[in-house]
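Each remark here refers to the structure printed beneath this line.
The values are calculated or read from the model by the stated rules, or taken from the named source; none is laboratory data. Because the structure is predicted, anything quoted here is derived from the model rather than measured. When we count neighbours, we look across all protein chains shown, and the Cβ atoms used for this are built from the backbone with ideal geometry, even at glycine. Calculation scope for accessible area: heavy atoms of the full protein, side chains included, ligands and nucleic acids excluded. Shrake-Rupley method; radii C 1.70, N 1.55, O 1.52, S 1.80 Å.
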Amino acid sequence: AAAVGQALFEGDALLFLEEAEIAPDNDAGAGGADPGAVRADLAELWDRRRFIKDAARPEAVARRHAAGRRMARENLADLCDPGSFVEYGPLVIAPQRRNRALDDLIANTPADGLVAGLATVNADKFGDEAARCVVLSYDYTVLAGTQGHEGHRKDGRMFELAEQWKLPVVFFAEGGGGRPGDTETRGDGRSFNQFGRLSGTVPLVGVVSGNCFAGNAAFLGACDVIIATPDASIGMGGPVMIEGAGLGVVKAKDVGPASVQTANGVIDYLAADEAGAVAAVKQYLAYFQGDLPPGEVADQTLLRQVVPEDRRRAYDVRKAIELLCDVGSVLELRRDFGRGMVTALARVNGKPLGVVANNPTHLSGAIDADGADKATRFFKLCDTFGLPILSLCDTPGVMVGPEAEKTALVRHASRMLVAGSNLNVPMFTVILRKAYGLGMIAMAGGSYRIPAFTVVWPTGEFGSMGLEGSVKLAHRKELDAIADPAERAARYDALVARMYEKGKALRYSTIYDFDDVIDPADTRRWVAAGLSAFSAKRLDPAQRRTFLDTW
């Protein structure tokens, strides 16, 4: 080899390589290092990381379990595919160093009470790419799940990633709202703005079991759907804020209990417990993750018996939905709110769609203000994320009367017309029985001609308003002139029957106002054909970009 200071010329050798036996170097970091050896820096990290595990706080775990509740990490472990959760910011602690010792904060405020990261959900069905999600959960065993400064910086980071990578967000929101005890803070919080910007961009799923107040409730309320358990209490202010405002002393369970929040439409799905809530989250996300293999199909001839032969009898439209859709695929939303309207996510031949249906057991299926709001919001949800809509129509029209008008019905009913008229996704309308007036128009997206198809069961009947009301108005003088009650009733029934003959489906089929009168058993075949045609040309997400109204 060349020596130091030696002058070299072109072609001179610098060094020569020769084979030789080399003794292994056992220094740390070399390829021959003892694989069982633990460096001091790694040991320090391991020791620090043990505090983020539930096992480090057995008393907190015991209290939680004694209350019949899960830890935050237990819910996430149930939700996320095994081994898929990657946690962000697990080592941060509550910013309260001025008032508490560092060791105390490390031991008792892990992750600043917010567990967050990336994971996959349902990857076994849809693959890793379609199953990727952002997941977050407040930890109620850490400072009552309150929102700390570091936690807000962390959730902001997760929302940025969700927006950048177009990832759905699942947020377990239990907690008491903003935390007043933090001592080291900065004025850089943008979490609520960042979360609001995600609306309409990616699916947002809120989950709550227990108390959820103030800032936690604001995140929850901004979600597309809210899945809760019976012990949930949800409010924009908790007991402390209520008392501070001079509004009296109330218990947390009385602020916004699940019984109230399901009836008024805040809660979309009420699960039996936390395990049921997690199962509902998985099912909900799946509708937006892709198609599944065709599912089990019920006997479609049973649809022929859903609508009673007596046109005045009510029936359960949910039976029609369950029979039409793949077995076990239906997830109904807002069941206890706007009871005259049924809204559900489902699948036909494995393809996801939304189903909206009039409920004849409530107001005979008439569309009231709550029902219109419910259908409008559901139209927007499906349209935002590209799900076709199946509309099952059986309505005597929009609700009427002085009491109905006190609910601002003019505005609410018109919301449904406007939303239906601006859908980007196809609508499929099936008229099961009554198709009257503006109610039918609202159920068809603004016109018979708007849906990709409009078909009618043989039980279908048409008119500008309900047959009975129409007869009473058009023939009032004639009926009033009949003195004998029995004779008057007979004449009335005859006039109604004549109106029915004029407006029944087969009579109407001679005019091309709809596409066909079908055997109810053929309904699924029509829906499947519509879904297949739509699947061939999915909408560009850019066509649908809009925020999803929280109501």
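Simple point charges give the picture: +1 on the Cβ of Lys and Arg, -1 on the Cβ of Asp and Glu, and for region 77-226 a dipole about the Cα centre of about 440 debye. Of the beta bridges in the chain, as assigned by DSSP with both residues counted there, near 35 percent are antiparallel. Stretched out straight at 0.36 nm per residue, the stretch from Val400 to Asn422 would grow longer than its current Cα-Cα span by 5.4 nm. Shown here is the pair-distance distribution of region 295-374: with all Cα-Cα distances grouped in 10 Å bins from zero up to the longest one, the shares run 19, 46, 32, 4 percent. Placing Asp484, Asp104 in order of accessible area, with the largest value first and a 1.4 Å probe, yields Asp484, Asp104. Only protein atoms count toward the accessible area here, which uses a 1.4 Å probe; on the chain, the carbon and sulfur part of that area reaches 55 percent. For the chain, the dipole from Cβ point charges (+1 on Lys and Arg, -1 on Asp and Glu) about the Cα centre works out to 2640 debye, to the nearest 20.
Ligands, DNA and RNA aside, Ile93 has an accessible area near 10 Å² when probed at 1.4 Å. Scanning the chain for long hydrophobic helices, with DSSP H runs required to stretch 20 angstrom or more by C-alpha along their axis and to average at least -0.5 on the Kyte-Doolittle scale, returns 369-384. Go through Ala67, Gly176, Gly371 and say which Cα lies farthest out towards the positive end of the charge dipole of the chain; charges sit on Cβ, +1 for Lys and Arg, -1 for Asp and Glu. With unit charges placed on the Cβ atoms, the residue in question is Gly371.
Rolling a 1.4 angstrom probe over the protein heavy atoms with all chains in place gives region 269-410 an accessible area of 37 Å² per residue. Applying a DSSP loop filter and a limit of 12 other Cβ atoms within 10 Å to the trypsin sites (Lys or Arg not before Pro) in region 258-349 leaves Arg312, Arg313.
Under 8 Å for C-alpha pairs, at least 6 residues apart: give me the relative contact order for the chain, rounded to a whole percent. Could you put the intermediate results ahead of the total?
Numbers: 1067 pairs, mean separation 48.4, N = 551.
Normalised by residue count, the contact order of the chain is 9 percent.
If you find the alpha carbon centre of region 155-185 and of region 51-101, how far apart are they in angstrom? So the separation of the two Cα centres works out to 16 Å. The aspartates and glutamates within cross-link reach of Lys251, meaning a Cα-to-Cα straight distance under 17 Å and a gap of 8 or more places when in the same chain, are Glu174, Asp231, Glu243.
Send over the Kirkwood Rh of the chain, from the inverse of the averaged 1/r over different Cα pairs, rounded to one decimal Å. Please list the in-between numbers first.
Details: mean 1/r = 0.0369 Å⁻¹.
27.1 Å is the Kirkwood radius here.
Label separation (Val38 vs Ala7): 6.2 nm, computed from points 7 Å beyond Cα along the C-beta direction. Here's the list of lysines a cross-link from Lys166 could span, going by alpha-carbon distance under 27 Å and ignoring same-chain residues fewer than 8 apart: Lys125, Lys154, Lys282, Lys351, Lys374, Lys380, Lys537. Kirkwood Rh over Cα pairs of region 379-486 into Stokes-Einstein at 4 °C, 1.567 mPa s: D in µm²/s? Estimated diffusion coefficient is 84 µm²/s. Taking every protein chain into account, the accessible area of region 1-153 amounts to 61 square angstrom per residue (probe 1.4 Å).
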